[in-house]
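This report refers to the structure that appears directly beneath it.
The values are calculated or read from the model by the stated rules, or taken from the named source; none is laboratory data. Since we're looking at a predicted model, the values are computed, not measured. Cβ sites come from the backbone with ideal geometry, for glycine too, and all protein chains shown count toward neighbours. Heads up: the accessible areas ignore ligands, DNA and RNA and are worked out on the full protein's heavy atoms, side chains in. Shrake-Rupley method; radii C 1.70, N 1.55, O 1.52, S 1.80 Å.
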Amino acid sequence: MRVQRLDFSGCRYVYDVHSEIKKALDFPDYYGGNLDALHDCLTDDYGAEPVLVEIYGYNFAPEEIRRELEGIRAVFDSCAGELSGFDYKIMS
């Protein structure tokens, strides 16, 4: 199983969050930087090889991005239920 690390500790804006996701998960250039695009990229790209996404900086995120992170967690929950090879864990 491949482990991918997402670190939101330096994120201050929603744009920063999606930039971190794109970089850490090696999403294509057409990644739209929103929750629908996140779901689409996860279900398109992570079906073959098992992956565990470790999330850092979630619990200490500034209020400005808290709602987006909760949406990301909901997308990850959905994908973990849909995809047999996808899972995530909040580390901090």
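Details
- Helix 63-82 axis, angle to the chain major axis (alpha carbon atoms, nearest 10°): 10 degrees
- Ligands, DNA and RNA left out, the 1.4 Å accessible surface of the chain is 46% carbon and sulfur atoms.
- Its DSSP H runs of at least 4 residues, each contributing -39,500 (n - 2.57), put the calculated 222 nm mean residue ellipticity of the chain at -14500 deg cm²/dmol, to the nearest 500.
- Computed over the stretch 1-70, the quotient of the alpha carbon radius of gyration and 2.2 N^0.38 Å is 1.08.
- With contacts taken as Cα pairs under 8 Å at a separation of at least 6 residues, the stretch 1-65 carries a relative contact order of 57 percent.
- Computed from Cα positions, the angle between helix 35-45 and the longest principal axis of the chain comes to roughly 30 degrees.
- Charge context of residue 73, other residues only, Cβ under 14 angstrom, K/R +1, D/E -1: -2
- Probing with 1.4 Å while keeping every protein chain in the model, the per residue accessible area of the chain equals 57 Å².
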